[in-house]
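Below is one structure; the comments refer to it alone.
The values are calculated or read from the model by the stated rules, or taken from the named source; none is laboratory data. Small disclaimer: the values here were computed from a predicted structure and weren't measured. Note that we place each Cβ from the backbone using ideal geometry, even for glycine, and neighbour counts take in every protein chain shown. These accessible areas exclude ligands, DNA and RNA; they are computed on the full protein's heavy atoms, side chains included. Shrake-Rupley method; radii C 1.70, N 1.55, O 1.52, S 1.80 Å.
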Amino acid sequence: MVCPRLLSGIQPTGRMHLGNYFGAVHNWVKLQHEYEAFYFVADLHALTSAYEDGVNIRESTLEVVADLIACGVDPKQAILFVQSDVPEHSELHLIFSMITPLPWLERVPTYKSKKDEIQGKDLNTYGFLGYPVLQAADIMLYRSEIVPVGKDQSYHIELTREIVRRFNALFKTDYFKEPAEKFTLFPQLPGTDGRKMSKSYGNALFMSESDKDIDQKLRTMFTDPARLRRQDKGNPDICPVFALQGIFNPDLLLELSEGCKSASIGCVDCKKRLIPVVQSFIGPIRDKRETLLKDKAVIIDILQDGARKARQVAKETLDAVKTIIKIN
Ligand code: TRP
């Protein structure tokens, strides 16, 4: 049976947390059984803004791979590799850069917002502007049909489709098919302070978290700010703890919601129902990632094998592209 091809990438920006897991990786694990899946660590993308710290990118790459495998990405089911181990990504990026009009890139919302967000680094660079062109190359190198991503990536996928249309029109071909995005079910998870869970906000629960730290972080997690005293009635709809309950304790949801609204359950009790469930979810993942990171040779082997398999497809595409644009 031929399954449709699916691809997604993750940047090596540090340890994985629950937000990353439910925002993306959880979906990767599920989809690897339904599609011919290609998953990769986008280390070249990381380099577009963190170009000064090459050593850290390699280290983070291995950690992210350990996280992915510990979370259930199975290198036997999916092709798991590092972007820079497949040089064809860079080559197709260069070819796409020839046909991508500058205004298309200048109007990318993530380009402007990230440039404003990251202070103290010169992001007036060719590579940073070309970030979405590299992403288009990632996707089309495997002629992927489906791209599972978060909502924040939708413009990048749209741009990929525009590049595909332009390529096909310019070279009078129908070689590339337009890919479609597939959004995840839990687009955003609140962190311990109620804002979106993010490493940079310091509100994240990591896959490497000890039971003690999980307990401590959840005990002090924000709840409905209007519920100051035990006897105050709460509003679960605005409570970040309740949002986590929805994921970890779906069967208790009704009971907890009623209890909160009538003040028959206090926030401490509510959290007590959450903490052990989160601990037993993270525990095995934490142990597995630790074991993997003790023997990096295993991870490196997996990645070499993944890159070898990825390159077979990548080479095929690049050969075809070179023939189409007449440099072959
Ligand atoms: N830009 C994506 C992110 O920051 C990562 C990424 C790079 C990607 N290349 C990709 C995602 C290709 C999907 C497909 O999350």
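Remark: spin-label model distance SER200-PHE248 equals 2.6 nm, labels positioned 7 Å along the Cα→Cβ axis.
Across the chain, how large is the tail of the calculated P(r) beyond 26 Å, expressed as a percent of all Cα pairs?
Roughly 53 percent, once rounded to a whole number.
Working ranking of peptides 95-102, 115-122, 135-142 by packing, defined as the average number of other Cβ atoms within 10 Å per residue, highest first, is 135-142, 95-102, 115-122.
Along each principal axis, taking the top coordinate minus the bottom one, the Cα set of segment 124-266 gives 70, 32, 26 Å in descending order. With both labels modelled 7 Å from their Cα along Cα-to-Cβ, the CYS3 to TYR126 distance reads 3.9 nm.
For the listed peptides 250-258, 38-46, 206-214, a ranking on the average number of other beta carbons within 10 Å per residue, highest first, reads 38-46, 206-214, 250-258.
Note that segment 271-277 has calculated 3J(HN,Hα) couplings of 5, 5, 7, 8, 3, x, 5 Hz, one per residue in order, obtained from phi through the Karplus relation 6.51 cos²θ - 1.76 cosθ + 1.60 (θ = phi - 60°); glycine and proline are x. Loop-located trypsin sites (Lys or Arg not before Pro) across segment 250-328 with a Cβ neighbour count of 14 or fewer within 10 Å are LYS326, with loop assigned by DSSP.
Here segment 208-290 has 56 percent of its accessible surface on carbon and sulfur atoms, given a 1.4 Å probe and all protein chains in place. Note on ALA169 and ILE325: their simple-model spin labels are 1.8 nm apart, each label 7 Å out from Cα toward Cβ. Tell me, what % of the accessible area of segment 25-135 is carbon and sulfur with a 1.4 angstrom probe? Accessible surface attributable to carbon and sulfur in segment 25-135 totals 55 percent. Between LYS315 and GLN77, how high is the FRET efficiency from 1/(1 + (r/R0)^6) when r is the Cβ-Cβ distance and R₀ = 22 Å? Nearest 0.05. The value I calculate is 0.45.
Of the residues PRO236, VAL268, SER280, the one whose Cα sits farthest towards the positive end of the charge dipole of segment 208-290 is VAL268 (charges of +1 on Lys and Arg Cβ, -1 on Asp and Glu Cβ, taken about the Cα centre).
Over every pair of different alpha-carbon atoms in segment 20-146, take the mean of 1/r and invert it; report that Kirkwood radius in Å.
It works out to 15.9 Å.
Basic side chains Lys and Arg get +1 at the Cβ, acidic Asp and Glu get -1 at the Cβ, and with that the dipole of the chain about its Cα centre reaches some 400 debye. Amide H contacts of GLY194 (H built 1.01 Å from N, in plane; Pro and chain starts excluded): PHE222 sit under 5 Å, all sequence-distant by 5 or more or on other chains.
Annotation: amide H of VAL82 within the under-5 Å range of VAL41, ALA307, sequence separation 5 or more or interchain, hydrogens built in the peptide plane.
Surface exposure of the chain, expressed per residue as accessible area with a 1.4 Å probe, stands at 49 Å². Helix-only arithmetic for the chain: the sum of -39500 (n - 2.57) across DSSP H runs with n ≥ 4, divided by the residue total, places the mean residue ellipticity at 222 nm at -16500 deg cm²/dmol.
What FRET efficiency comes out for the pair ASP269/LEU185, r = Cβ-Cβ distance, R0 = 30 Å, nearest 0.05?
Between ASP269 and LEU185 the formula returns 0.60.
Ordered from largest to smallest accessible area (heavy atoms of protein chains, 1.4 Å probe), the residues ILE79, ILE299 come out as ILE79, ILE299. Computed from the C-beta positions of TYR51 and ARG229, the FRET efficiency with R₀ = 51 Å rounds to 0.50.
Antiparallel beta bridges, as assigned by DSSP with both residues in the chain, represent about 10 percent of the total such bridges. Listed by chain and number, the lysines whose C-alpha is less than 22 Å from the C-alpha of LYS172, apart from same-chain residues fewer than 8 away, are LYS315, LYS322, LYS326.
In a reduced charge model with +1 at each Lys and Arg Cβ and -1 at each Asp and Glu Cβ, segment 174-328 shows a dipole moment near 360 debye about its Cα centre. When the inverse distances between all different Cα atoms of segment 208-290 are averaged and flipped, the Kirkwood radius reads 13.2 angstrom.
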